[in-house]
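Some notes on the structure that comes next.
The values are calculated or read from the model by the stated rules, or taken from the named source; none is laboratory data. Every value quoted in this text rests on a predicted model; they were computed, and no experiment measured them. Positions of Cβ are generated from backbone atoms using ideal geometry, with glycine treated the same way; all protein chains shown enter the neighbour counts. Only protein heavy atoms, including side chains, enter the accessible area calculation; ligands, DNA and RNA are left aside. Shrake-Rupley method; radii C 1.70, N 1.55, O 1.52, S 1.80 Å.
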Amino acid sequence: MIPDRVLEVMLNGYGHFGSTSNNLIPAHIDTLGASSNPENDEATFFVRKSLAEKTLINLDSNGMASIYLGLPSHEAYQIKGHFIGSRDLTAEELETSSKIRNYFVDMISAMGLPRENIEKLYGVAPDIGLTVKIENIYIQTPGPEAGTKLEF
Amino acid sequence: MIQEKHQFAMNGMYPSTFSTCSKEGIPNTTVISQVWYVDEEHIALSFQFFSKTRRNISENPLGYLSIINPMTMDMYGLEIEFVRSETEGDLFDDMDMKLQAIASMSGMEDVFELKAADIYKVQNIKDINL
């Protein structure tokens, strides 16, 4: 099962979904929320399809995925796994995304950055879910434990 | 290649995202605190830890970097290729000083240590239309 702490960061933090082409050129896109099925170690990451063209080509080619999950506190994890498929998001998942995106808009605008510009990134709802079978999880919080593999 | 508008996204106010992959094609994605402008064809990234990113770059020099102008939230995607590491000189000293400032602000003075300034050639930059 996915460790509780990783689930907490996955469901409440920000993320970046990495992939790579067959000729070893990496790519990534921002995630805008996630849902998970901890019992079968699968997770679905919410993204905007309009920004995911290269990612989807890469995933269809070789299926390898990495997802950076982080909190503003610097706590972070790296997930490695295989792409299972893409699907539409449920109403519940869109609601989850909306809450997280609103939180980030509020947090970043409180730092003095223009709210209307932050909404270009976080104000637009995701419209596709990328589901991954999680195979490995590593601590990525800066410090002596960074790179440590979590058993699950 | 690198224009003034891109340099505004390299001021360290908003984190950047960096992806690499191993020779087997396994990707790795991480967040970095700052990208340094070197010249119109090169940028530098700080090498702080013997990380998966560093191991990947030693196997496959190609990387993908996204940067954001914090005021406009304009995002840019850079395809980059590792060129060399520098462990002394003006660039290294500048990066070291700024890194310590960032570490101090985030309470991570004991964690952040600059081992080298890694220089990358920018192969391509694209506007990401959000």
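Below are the figures for this structure:
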read-out: Out of A:Ile108, A:Ile118, sole residue that is facing another protein chain (nearest Cβ under 9 Å), without any contact (Cβ under 8 Å) to a residue 24 or more places away in the chain and in contact with a Ser or Thr (Cβ under 7 Å, 6 or more places away or on another chain); value: A:Ile118
read-out: Selected residue (only one of B:Leu99, B:Leu65, B:Leu45, B:Leu91 is surrounded by 18 or more Cβ atoms within 10 Å (Cβ to Cβ), touching a Phe, Trp or Tyr at 6+ places or on another chain (Cβ under 8 Å) and more than 26 Å from A:Ile25 (Cα to Cα)); value: B:Leu99
read-out: Given (1) crowded, with 20+ Cβ neighbours inside 10 Å; (2) among the basic types (Lys, Arg); (3) touching a helix residue (DSSP H, G or I) at 6+ places or on another chain (Cβ under 7 Å), number of the condition B:Lys52 does not satisfy; value: (3)
read-out: A:Ser50 being open to solvent by 10 Å² or more (accessible area, probe 1.4 Å), of a type in the set (S, T, N, Q), within 25 Å of A:Ser73 (Cα to Cα) and out of contact with any Cys (no Cβ under 6 Å at 6 or more places or on another chain); value: no
read-out: Verdict on A:Tyr68 being surrounded by 19 or more Cβ atoms within 10 Å (Cβ to Cβ), among the hydroxyl-bearing types (Ser, Thr, Tyr) and under 24 Å from B:Glu24 (Cα atoms); value: yes
read-out: Members of region B:1-36 that are β-branched (Val, Ile, Thr), part of a loop (DSSP other than H, G, I, E, B) and at the interface with another protein chain (Cβ under 7 Å from one of its Cβ atoms); value: B:Ile26
read-out: Boolean, B:Glu113 is within 12 Å of another protein chain (Cβ to nearest Cβ), under 12 Å from the mean Cα position of the chain (by Cα) and farther than 30 Å from A:Glu119 by Cα; value: no
read-out: Selection count where residues are closer than 20 Å to B:Ile32 by Cβ and either under 11 Å from the mean Cα position of the chain (by Cα) or open to solvent by 10 Å² or more (accessible area, probe 1.4 Å) (or both), scope region A:25-36; value: 5
read-out: Residues being modelled with pLDDT under 85 and of a type in the set (Ser, Thr, Tyr) - total across region B:80-129; value: 2
read-out: Qualifying residue in region A:34-48 (condition: in contact (Cβ under 8 Å) with a residue 40 or more places away in the chain, within 14 Å of chain B (Cβ to nearest Cβ) and under 28 Å from B:Gln123 (Cα atoms)); value: yes
read-out: Region B:37-52, residues that are part of a strand (DSSP E or B) and either within 19 Å of A:Glu135 (Cα to Cα) or in contact with a strand residue (DSSP E or B) (Cβ under 9 Å, 6 or more places away or on another chain) (or both); value: B:Tyr37, B:Val38, B:His42, B:Ile43, B:Ala44, B:Leu45, B:Ser46, B:Phe47
read-out: Test for B:Asn129: is it in contact with a strand residue (DSSP E or B) (Cβ under 8 Å, 6 or more places away or on another chain) and either under 30 Å from A:Glu116 (Cβ atoms) or within 13 Å of chain A (Cβ to nearest Cβ) (or both); value: no
